[in-house]
Amino acid sequence: MKKTHQLTAVALTAASAVAGATAQADDLTLCWAAWDPANALIELSKDFEAASGHNMSFEFVPWPNFADRMLNELNSGGKLCDLMIGDSQWIGLGAEAGHYVQLNDFFDAEGISMDDFIPATVTGYSEWPKGTPNYWALPAFGDVVGWTYRKDWFERPELQAEFMDAHGRELAVPQSLEELKDIAEFFQGREIDGTTVYGAAIYTERGSEGITMGVTNALYNYGFEYGNPENAYELEGFVNSSEAAAGLEFYKALYDCCTPPGSSDWYMSENIDAYKSGQVALQMNFAFIWPGVHADANVGGERSGYFPNPAGPGGHFAQLGGQGISVVSYSDSQGAGLEYIKWFAQPEVQARWWELGGYSALRAVVEDPGFATSQPYAQTFLDSMAIVKDFWAEPAYASLLLAMQDHVHKYVVAGEGTAQEALDALVEDWVEVFEDEGKL
Amino acid sequence: MDRAAGATPPNLARRVRGLSDRAIAWIFVAPTIFLLLAINIFPLVWTIRLSFTNFRANRPNADVKWIGLRNYERILTDSDIWLTMQATAHFLIWTIFFQVLLGFALAWLINRKFRGNDLWTSIIVLPMMLSPAVVGNFWTFLYQPQIGLFNYAIAFLTGTDPTSFTMIGDVALAPWSIVIVDTWMWTPFVMLICLAGLRSIPDSIYEAAECDRASKWRQFWTITVPLVLPFLMLAVLFRGIENFKMFDLVVQLTGGGPGSTTELTSVNLKREAFEKWRTGYASAYAVILFVTVFGLASIYVKALNRVKER
């Protein structure tokens with residue numbers, strides 16, 4: 001198996017070298033989600049087209065349908081995508097089902113070192129099995145859940161005074177999840193400039209991955225673990241610990257007390273809309289939205305601030321987002337695809353990527369002394385990337401994810417049962433999935 | 001004609017002429033039978049076969065194990081599956097009830113000759129011409145607590161705060177939210193079928209009843225209802241089968257939530273088959289649903305035929 005991989009990689013490297021030498025133009029299709037960073041990537045890729053002579057086209061699918069559409073494409077061995085910026089959780093499936101080309105030998109041949117990238121992104125986006133030096137993607141877009149807040153509202157003297165009276169501390173960036181809830185409660189139903197505003201827009205979406213990507217930010221910080229650190233598939237007592245249940249209760253309390261009416265199925269775009277339209281004081285969302293918030297005419301510039309997911313009683317973590325870029329094994333243009341990855345990994349291209357609004361995962365970019373002050377949200381991005389944790393990336397991640405979506409949504413939004421019952425049921429489902437997978 | 005016949009090679013003409021009627025019939029129906037086998041029967045047989053395995057379509061290279069009735073046993077003992085069945089039954093029963101009631105009432109009104117009759121018919125049938133996905137999408141806006149017209153209408157009628165309730169986010173209201181939308185969309189369909197039934201009743205029957213001094217109420221119960229009943233039952237059959245398969249509208253409207261409150265069997269099946277990729281399990285699920293619908297529909301069709309024969 002390993003030999004086959006090596007031979008494939010050697011052949012691909014040779015193919016890429018030949019393609020480069022003969023400058024034969026290929027048509028490359030890059031598949032990703034339809035969101036702001038994708039537009040930045042189109043802009044960035046124009047440089048690649050000019051340098052390589054290849055023609056780039058793009059297939060972008062909105063987030064709620066992204067996994068469905070792209071995994072169907074991969075599972076059917078489709079040739080639509082030559083390059084795939086797939087979600088971090090797909091890496092196990094991509095590797096084990098043979099959808100992605102293993103990149104180790106290519107990286108070695110081209111001098112691309114994973115040590116040059118933020119370690120969390122390498123583990124999250126590139127490695128399978130986790131913790132082993134088997135790379136199936138190049139970290140392409142670092143992302144993490146963080147918070148955006150209405151700095152201009154926080155700075156109002158009358159609100160400052162009222163908050164101080166009520167809580168005995170300044171109305172400022174929360175240091176803990178409890179403080180965050182206090183702030184959200186403070187703003188809930190308040191009249192600001194003649195409009196009723198609400199506390200926080202949080203992830204509650206049920207259909208794809210939304211509520212899981214939200215609730216984990218509370219669960220992790222209350223002590224939830226995916227499994228026994230000694231035995232990854234031992235779930236009982238880790239997934240459904242009393243601390244984890246307290247985290248889930250916190251998220252439900254936040255949903256019940258402090259979210260806008262009708263926000264029972266909200267994910268990234270709904271949260272952005274609520275925030276930009278001035279409905280909420282706080283917004284949970286992935287960092288990718290920050291450039292757009294900063295540039296927004298209504299809430300941008302000095303009116304908004306950014307902070308990492310606050311700590312909880314059990315730790316300080318944030319949900320990892322982001323993706324790596326992989327070469328699809330069914331592609332007829334693997335050589336050109338590898339050329340693109342080689343080009344994309346260059347420090348100057350990564351620096352330009354950050355300038356255009358893409359979150360580079362290259363350490364040379366993010367550890368540059370000027371990086372933290374280059375944008376108002378850059379420091380928050382760095383702080384957040386230092387505390388990331390990710391969901392399962394197992395080949396059966398979809399079954400694991402849907403079970404979590406179902407149980408968490410039932411408890412948080414529908415109010416069925418208790419947090420402990422929800423997590424116990426989750427353990428039951430996850431155990432069944434791992435049994436089916438032959439891992440238990 | 002003669003020239004065309006003359007142009008046919010004598011051997012072929014003789015061969016064709018030599019075929020029996022039965023053989024010619026087979027030649028004509030063979031393409032249809034082939035298509036039927038390829039498109040309907042083969043997938044059905046293949047699905048039944050897969051339902052006894054642990055096959056996953058997203059792992060074509062993995063070992064496929066024969067697991068007997070394990071998938072069926074898991075489905076039939078899974079309380080979540082029974083909850084989706086309950087949600088489907090709630091949706092099915094109430095949508096059919098309201099659509100029959102309103103559809104028949106509308107048909108009865110439209111059947112009365114009045115000015116603008118055709119215009120009103122056209123306006124009423126508009127919702128069923130829309131795409132269910134579009135309908136689901138725009139009703140999410142109508143149900144929006146802060147800006148939704150539906151909430152404002154309810155608030156106007158009841159004096160409550162429009163933001164005090166959320167149709168698609170509340171466990172108690174969400175099942176009704178999908179019933180309302182489906183009723184809004186498909187009542188015109190039932191109306192059209194009932195209208196066809198009403199218009200098929202000869203005036204002479206009513207005239208005879210008038211001569212016998214039957215009251216309007218009696219005419220309605222002894223003439224209109226029995227004669228329209230087969231049409232109504234047909235409408236119920238169509239709507240029942242359609243709503244058992246309901247997918248797009250619900251996915252767009254509630255996504256199956258909150259929790260699993262509106263997760264109908266078809267939505268659940270799609271998640272098992274194409275999101276979790278448990279193909280064997282989903283095949284067993286599909287077979288169970290097929291047998292259920294086929295069985296119920298067969299019983300219903302027999303009842304329908306009996307009503308027609310009366």
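None of the figures in this text is laboratory data; all of them are computed from the coordinates on show. What you see is a predicted model, and the numbers here were worked out from it, not measured in a lab. For neighbour counting, all protein chains shown are included, and Cβ atoms are generated from backbone atoms with ideal geometry for every residue, glycine included.
Mind checking the mean number of beta-carbon atoms from other chains within 10 Å of the Cβ atoms in B:165-173?
Details: counts 2, 6, 2, 3, 10, 5, 6, 1, 0.
Averaged over the peptide's residues, the number is 4.
In which sequence would A:H409, A:H167, A:H316, A:H54 go, from the one with the fewest C-beta neighbours within 10 Å to the one with the most? Can you show the working numbers first?
Details: A:H409 29, A:H167 14, A:H316 17, A:H54 24.
Result, fewest neighbours first: A:H167, A:H316, A:H54, A:H409.
Taking Cα pairs under 8 Å and at least six residues apart, what relative contact order does chain A come out at, in percent?
Values: 817 pairs, mean separation 108.0, N = 440.
It rounds to 25 percent for chain A.
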For A:C258, net neighbour charge (Lys/Arg +1, Asp/Glu -1) across residues whose Cβ lies under 15 Å away: -2
Integer Hz, Karplus 6.51/-1.76/1.60 couplings in order for region B:148-156, x for Gly and Pro: x, 5, 4, 5, 5, 5, 5, 4, 5
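Taking all pairs of distinct Cα atoms, average 1/r, flip it, and tell me the Kirkwood hydrodynamic radius of region A:282-417 in Å to one decimal place. Working shown, then result.
Numbers: mean 1/r = 0.0556 Å⁻¹.
Taking the inverse mean of 1/r over all distinct Cα pairs, region A:282-417 comes out at 18.0 Å.
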For A:F286, distant residues with modelled amide H under 5 Å away: A:G146
Cross-link reach list, aspartates and glutamates versus B:K308, counting only Cα pairs under 12 Å and skipping chain neighbours closer than eight places: none
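Neighbouring Cβ atoms within 10 Å as the yardstick, rank B:T224, B:T88 fewest first.
Numbers: B:T224 19, B:T88 23.
Lowest to highest Cβ neighbour count: B:T224, B:T88.
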Fraction of beta bridges assigned by DSSP in region A:145-319 that are antiparallel (%, nearest 5): 80 percent
Computed [θ] at 222 nm, helices only, for chain B once each DSSP H run of length n ≥ 4 contributes -39500 (n - 2.57): -22000 deg cm²/dmol
Proxy reagent accessibility, fewest Cβ within 10 Å first, across B:D78, A:D116, B:D170: B:D78, A:D116, B:D170
Pairs from A:K130/B:K276; A:K410/B:K65; A:K130/A:K151; A:K79/B:K270 whose Cα-Cα separation, in the structure shown, is over 29 Å: A:K410/B:K65; A:K130/A:K151
Nearest-ten-degree value, helix A:347-356 long axis tilted from longest Cα axis of chain A: 40 degrees
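Roughly how compact is the protein assembly as shown, stated as its Cα Rg over 2.2 N^0.38 Å to two decimals?
Details: Rg = 30.8 Å, N = 750, 2.2 N^0.38 = 27.2 Å.
Normalised by 2.2 N^0.38 Å, the Cα Rg of the protein assembly as shown equals 1.13.
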Cut-off 19 Å (backbone N to label point 7 Å along Cα→Cβ of A:N104), residues of region A:295-336: A:325-329
Within a Gaussian network of chain A (alpha carbon springs, distance under 10 Å), most fluctuating of A:C31, A:C257, A:C81: A:C257
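Computed FRET efficiency, Cβ-Cβ of A:Q175 and B:L69, R0 56 Å: what is it to the nearest 0.05?
Values: r = 56 Å, r/R0 = 1.00.
Here the calculated transfer efficiency is 0.50.
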Amide H within-cut-off set for A:A33, under 5 Å, with H built and near neighbours excluded: A:V61
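Loop-only check: which trypsin sites (Lys or Arg not before Pro) in region A:380-440 are DSSP coil with at most 10 other Cβ within 10 angstrom? Don't jump to the answer; show the numbers that get you there.
On the way: sites: A:K389, A:K410, A:K439; in loops: A:K439.
Within region A:380-440, no trypsin sites (Lys or Arg not before Pro) qualify (loop, at most 10 other Cβ atoms within 10 Å).
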Computed label-point distance, nm, for sites B:L36 and A:D27 using a 7 Å Cα→Cβ extension: 4.2 nm
Partner chain coverage, peptide A:393-404 - average Cβ within 10 angstrom: 3
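So if R0 is 22 Å, what FRET efficiency would B:I241 and B:K308 give, r being the distance between their Cβ atoms, rounded to the nearest 0.05?
0.75
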Antiparallel content of DSSP bridges confined to the protein assembly as shown, in %, to 5: 65 percent
Selection of chymotrypsin sites (Phe, Trp or Tyr not before Pro), region A:198-297, meeting DSSP coil and at most 16 other Cβ within 10 Å: A:Y233
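By the scheme Lys and Arg +1, Asp and Glu -1, what is the net charge of all other residues having a beta-carbon under 14 Å from that of B:P145? Please report the intermediate quantities before stating the final value.
Values: positive: none; negative: A:D265, A:E270, B:D161, B:D170.
After counting each charged neighbour, the total is -4.
Tally Lys and Arg at +1 and Asp and Glu at -1 over the other residues with C-beta under 15 Å from the C-beta of A:Q279: what net charge comes out?
Values: positive: A:R150, A:R190, A:K276, A:R303; negative: A:D152, A:E191, A:D193, A:E270, A:D273, A:D296.
Every neighbour counted, the sum reads -2.
What number, in percent, do you get for the relative contact order of region A:145-319 if the mean sequence gap of Cα pairs under 8 Å and at least 6 apart is divided by its residue count?
Values: 315 pairs, mean separation 65.4, N = 175.
It comes to 37 percent, rounded to a whole number.
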Karplus-derived 3J(HN,Hα), 6.51/-1.76/1.60, for each residue of region A:44-52, Hz, glycine and proline x: 4, 5, 4, 5, 5, 4, 5, 6, 9
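Helix-only mean residue ellipticity at 222 nm, chain A, DSSP H runs n ≥ 4 weighted -39,500 (n - 2.57), per residue, nearest 500. What is it?
Details: 19 runs with 206 residues, N = 440.
Dividing the helical sum by the residues of chain A leaves -14000 deg cm²/dmol.
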FRET efficiency for A:L440 and B:N117, using Cβ-Cβ distance with R0 set to 56 Å, rounded to 0.05: 0.25
Trypsin sites (Lys or Arg not before Pro) lying in DSSP loop within region A:203-294, provided at most 16 other Cβ fall within 10 Å: none
Residue-averaged beta-carbon neighbours from other chains (10 angstrom radius) around B:32-38: 0
